[in-house]
């Protein structure tokens with residue numbers, strides 16, 4: 001690209017979305033210092049409707065539709081998303097142009113110090129069917145209660161006593177530096193205890209298919225994270241799963257192998273499956289898991 005070229009990047013306006021967009025901008029400017037980057041904040045339906053659970057009014061698309069419309073209309077050149085918010089099928093004219101290196105993909109159970117108990121009636125805040133399904137395996141007596149809002153809002157509701165504990169993504173807590181509150185306890189849930197959402201911990205950069213700006217993004221894209229995201233999105237596509245279904249899927253490079261974790265509700269019970277295959281030939285592992 002020529003010096004002085006402007007790239008317009010669309011983002012939601014939450015603190016986390018802006019921080020993730022800043023990471024993308026920093027990566028692009030390091031690789032292409034001659035390019036001017038402009039940030040455009042776009043409010044999505046998911047940002048406007050905070051009194052309903054996501055499955056009740058549209059699911060994952062509520063966080064990206066307005067950004068995708070702006071891409072298709074030429075108002076912006078790129079859009080930055082938390083990959084887990086993206087539906088498994090994109091518009092035929094759009095593409096995930098690249099991703100940044102993956103942050104910690106685990107879920108975290110956050111509670112006030114000394115408040116976490118395993119008895120009946122302990123209230124855990126989460127509106128995610130995936131999290132609800134799996135946390136009940138760890139805390140059978142817990143009561144799950146819906147929870148919406150950005151990370152700081154959710155943490156404030158915990159501190160105000162609305163919940164005994166809440167479940168948040170480790171990636172968001174780390175990116176915002178929110179793991180230092182001495183009044184809170186953070187239990188990081190292993191991938192075996194709680195399989196994350198597909199794409200969790202990955203920042204995805206969406207662009208127009210075949211566009212010159214999308215091609216630039218490929219030069220800053222992290223290969224391992226992109227391959228992991230593709231494996232997870234393929235499984236979600238095959239299962240036709242969105243945020244309405246209790247499905248967790250996570251893939252991780254381990255040397256030349258790719259380990260894949262999957263959890264879903266099957267015949268009214270939690271089913272967990274794990275598999276490994278060559279990172280360059282992950283299809284066999286995916287097929288085996290889906291047959292299992």
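The values are calculated or read from the model by the stated rules, or taken from the named source; none is laboratory data. Remember, predicted model here, so these are calculated numbers, not experimental data. Cβ placement follows ideal geometry from the backbone for every residue including glycine, while neighbour counts extend to all protein chains displayed.
Points to keep in mind about this one:
- Count of region 143-183 residues, restricted to those that are closer than 25 Å to residue 12 by Cα and touching a residue at least 12 places away in the same chain (Cβ under 8 Å), is 23.
- Any hit, region 36-46, residues being in a helix (DSSP H, G or I) and modelled with pLDDT under 95: yes
- The residues on offer are 237, 272, 291, and the sole one that is over 30 Å from residue 37 (Cβ atoms) and free of Cβ contacts under 8 Å to residues at least 60 places away in the same chain is 291.
- Count of region 188-232 residues which are closer than 21 Å to residue 17 by Cα and surrounded by 15 or more Cβ atoms within 10 Å (Cβ to Cβ): 22
- In region 161-170 there is at least one residue matching the filter, namely being farther than 21 Å from residue 83 by Cβ, within 21 Å of the chain's Cα centre (by Cα) and surrounded by 15 or more Cβ atoms within 10 Å (Cβ to Cβ).
- Restricting the search to strands (runs of 3 or more DSSP E) fully inside region 161-213 and requiring at least 1 residues that are in the same structural domain as residue 145 (by TED's automatic domain parsing) gives 165-169, 184-189.
- Residue in region 14-27 that is modelled with pLDDT of 70 or more, closer than 22 Å to residue 202 by Cα, part of a loop (DSSP other than H, G, I, E, B) and assigned by TED's automatic domain parsing to the domain that holds residue 221 present: yes
- For region 248-258, the criterion of being outside any helix (DSSP H, G or I), at pLDDT below 90, more than 30 Å from residue 39 (Cα to Cα) and in contact with a strand residue (DSSP E or B) (Cβ under 6 Å, 6 or more places away or on another chain) is satisfied by at least one residue.
- For region 146-160, the criterion of a residue being in contact with a strand residue (DSSP E or B) (Cβ under 6 Å, 6 or more places away or on another chain), closer than 21 Å to residue 232 by Cβ, surrounded by 15 or more Cβ atoms within 10 Å (Cβ to Cβ) and not assigned by TED's automatic domain parsing to the domain that holds residue 94 is satisfied by no position.
- Residue list for region 138-155, restricted to those being farther than 25 Å from residue 202 by Cα and either in contact with a helix residue (DSSP H, G or I) (Cβ under 8 Å, 6 or more places away or on another chain) or part of a helix (DSSP H, G or I) (or both): 138, 142, 144
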